[in-house]
Amino acid sequence: MDMSNSRRIDLIKDTVYCFVCPESEVLSVESIPMPSGSQAVELMRNKVRLQQRAGIKMGPDAAEEVSLVTKQATFVERSALSRLFSQAANVPFSLSGQPLHEGRSLLCIEDVDHRTDYSKLDIAALQDKELRALAYIHYANMGCKCDLPWLPKVDEAYIAEMISEQWRPSWEYAKGNPAFAGTFGNGIISSIEDIAGRIVEDMAPVIHDESTYTMIHNDLNPGNVLVKGNDEVYFIDWEEARYGSLFMDIPMRCGSLQQAEDYRRYLGSLGCCIPDQDFTGLFSVASRYLGLRFMCWNLGVWQQNEQARNGLVKYMEMVTRPIFS
Ligand SMILES: Nc1ncnc2c1ncn2[C@@H]1O[C@H](COP(=O)(O)OP(=O)(O)O)[C@@H](O)[C@H]1O
Ligand SMILES: [Mg+2]
């Protein structure tokens, strides 16, 4: 067995000890590489067979077999998951072998959805739970800048870089194809370009809204929001987490006025009330920015992939017609 394999197995054993059952013994581990997203880091799903020691009862969640994910995770992701788990937020349990190491290092994470049957879900109930869980995360970390020195901050330079380095090249690439204007129309295209041209300026009120500063996930695409056990929503992949306004998260998860209102109500019931006018104004600007930021992947593949095309339409609407407009 090579060194990285044996390190992974040791970390899996420690994770079982800490979070599954301290009395059970790991019999075998079968590790299968998982398709990774944009970052292409090492990601494995590990099927772990356990032996219960004689006379010891396992906890309610423990089974003969557990599934754990291992990922080469950044310091920010490992730190965010650890803090949020300690706050009883909806994130998977996780254990790092080198919690203080500032580069990437191996993290062993609860496999959130290996028992979820995605064909049998009550979507409306789950969306509601998701908004509650997100409001809790935002509330629990509101104004906690001093506790989060490891979390990068949102500023104008960050937003400007996203637009010039990510959005602009993908947009120009898409425009190079005559079918792009033919499909989406010149009106929409020039309206998106106008909005993108002033988005850094327009985002200033969001960037500087200190009253809503908290830990934001900052990458709430559908792949990072998973259902656990058919009835809970968990947030994974905290690699892009930052300290900034909660408005940089919520338009990604509130696709209707009702959902935005529900989120606002949950936040209010925890003790953070945002006045109507501020909420709609900041939400709309952030929606425009997020539509631009998240359409980048879709701009490259919309012609080959029906889902990517529908996603692109949705992101274009977030830019041109935020839900409060
Ligand atoms: N803890 C987990 N439980 C279940 N699935 C996971 C877990 N971590 C990652 N995955 C799966 O792997 C995909 C990629 O992992 P992720 O952590 O989001 O990394 P990235 O998107 O940066 O490649 C996720 O979208 C999800 O499908
Ligand atoms: Mg991801």
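For Ser211 and Arg7, the difference between the fully extended length at 0.36 nm per residue and the C-alpha to C-alpha distance is 69.1 nm. Measuring between alpha carbons in the structure, the pairs from Lys120/Lys228; Lys71/Lys228; Lys71/Lys145; Lys47/Lys71 lying more than 21 angstrom apart are Lys71/Lys145. Across the range 3-110, the relative contact order, built from alpha-carbon pairs under 8 Å that are at least six residues apart, equals 24 percent.
Cα-based values for the range 123-320, radius of gyration first and Dmax second, are 17.0, 51 Å. Note on the chain: with a GNM built from Cα contacts shorter than 10 Å, the maximum mean-square fluctuation among Gln166, Gln258, Gln127 falls on Gln258. When only Cα pairs below 8 angstrom with a gap of at least 6 residues are kept, the range 123-320 shows a relative contact order of 30 percent. For the range 46-164, a simple Cβ point-charge model (Lys and Arg +1, Asp and Glu -1, everything else neutral) yields a dipole of about 440 debye relative to the Cα centre. How much FRET efficiency would the formula 1/(1 + (r/R0)^6) give for Met34 and Ala88, where r is the Cβ-Cβ distance and R0 is 25 Å, rounded to 0.05? For R0 = 25 Å, the calculated efficiency reads 0.40. Relative to the longest principal Cα axis of the chain, at what angle does helix 123-140 sit, 0 to 90 degrees, rounded to 10? The helix 123-140 is inclined about 90 degrees to the chain. Using θ = phi - 60° in the Karplus curve 6.51 cos²θ - 1.76 cosθ + 1.60, the 3J(HN,Hα) couplings for the range 177-190 round to 9, x, 5, 5, 5, x, 7, 9, x, 5, x, 5, 4, 6 Hz; x is entered for Gly and Pro. Against the chain, whose longest principal axis is taken from its Cα atoms, helix 75-86 shows a tilt of about 70°. Place +1 on the Cβ of every Lys and Arg and -1 on the Cβ of every Asp and Glu in the range 184-314, take the dipole about the Cα centre, and give the residue among Cys272, Ser191, Ala204 whose Cα lies farthest towards its positive end. The residue sitting most towards the positive pole is Ser191. Counting only Cα atoms, the range 3-110 measures 43, 31, 22 Å along its principal axes, largest extent leading. Shown is the FRET efficiency for Val313 and Arg168, computed with R0 = 22 Å from the Cβ-Cβ distance and rounded to the nearest 0.05: 0.60. With 0.36 nm allotted per residue and the present C-alpha distance subtracted, the Glu64-Glu193 stretch has 40.9 nm of extension available. Measuring r between the beta carbons of Asp231 and Ala204 and using R0 = 51 Å, the FRET efficiency lands at 0.80.
Between the helical axis of 306-320 and the longest alpha-carbon principal axis of the chain there is an angle of about 50 degrees. Working from label points 7 Å from Cα in the Cα-to-Cβ sense, the Cys144 to Glu42 distance is 3.0 nm. Spacing of the modelled spin labels on Asp278 and Ile123, each 7 Å from Cα toward Cβ, amounts to 3.4 nm.
Our estimate of slack between Gln98 and Glu306, defined as 0.36 nm per intervening residue step minus the Cα-Cα distance, is 70.7 nm.
When the convex hull of its Cα atoms is viewed from all sides, the range 214-259 shows a mean projected area of 3.7 nm². Highest mean packing first, where packing is the average number of other Cβ atoms within 10 Å per residue, the peptides 20-29, 183-192, 209-218 line up as 209-218, 20-29, 183-192.
Comparing Met142, Ala88, Tyr243 along the charge dipole axis of the chain, the residue lying farthest to the positive side is Ala88, per the Cβ-charge model.
In terms of the mean number of neighbouring beta-carbon atoms within 10 Å, the peptides 128-138, 260-270, 237-247, 172-182 order highest first as 237-247, 128-138, 260-270, 172-182. If you run the Gaussian network model on the chain, springs between alpha carbon atoms under 10 Å, then out of Val301, Val206, Val227 the most flexible one is Val301. Ranking Met3, Thr320, Cys254 by how far each Cα lies toward the positive end of the dipole of the chain (charges on Cβ) leaves Met3 at the top. Simple point charges give the picture: +1 on the Cβ of Lys and Arg, -1 on the Cβ of Asp and Glu, and for the chain a dipole about the Cα centre of about 320 debye.
No lab work stands behind these numbers, since they all come straight from the coordinates. Not measured: the values here are computed from a predicted model. Every residue, glycine among them, receives a Cβ derived from its backbone with ideal geometry; neighbour counts consider all protein chains shown.
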